[in-house]
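Asker: Next up is a structure, given as structure tokens.
The values are calculated or read from the model by the stated rules, or taken from the named source; none is laboratory data. What you see is a predicted model, and the numbers here were worked out from it, not measured in a lab. When we count neighbours, we look across all protein chains shown, and the Cβ atoms used for this are built from the backbone with ideal geometry, even at glycine.
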């Protein structure tokens, strides 16, 4: 069984925070740089989970959706120091709704209609 790693693509402070938990950090200053790194990491096959900040991912959501993934890597959008944009939550909400046929998480990240 292969031994996978976990990666984090984001701004310096977010990457540093994840590094404290043993996550391999890849700082990126702009979304194009982050997208190129994400493609490289997904292609490498060494990472089971690749976190990327919502700020860097947002301009490239369509391109990110086209990155080939199997059971690995899981590409997960997370908030950065600027706060949550709700993109990661919406992706999880859609996946849960597809799997169960109902929206058990509510209509918004705050649970409001």
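Here's the yes/no breakdown for (1) touching a residue at least 12 places away in the same chain (Cβ under 8 Å); (2) farther than 13 Å from residue 80 by Cα:
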| residue | (1), (2) |
| --- | --- |
| 19 | no, yes |
| 34 | yes, yes |
| 37 | yes, yes |
| 40 | no, yes |
| 54 | yes, no |
| 57 | yes, no |
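Asker: Further question on the same structure: Residue under question is residue 29, and the condition is that it be modelled with pLDDT under 90 and either within 15 Å of the chain's Cα centre (by Cα) or part of a loop (DSSP other than H, G, I, E, B) (or both); does it hold?
Answerer: no
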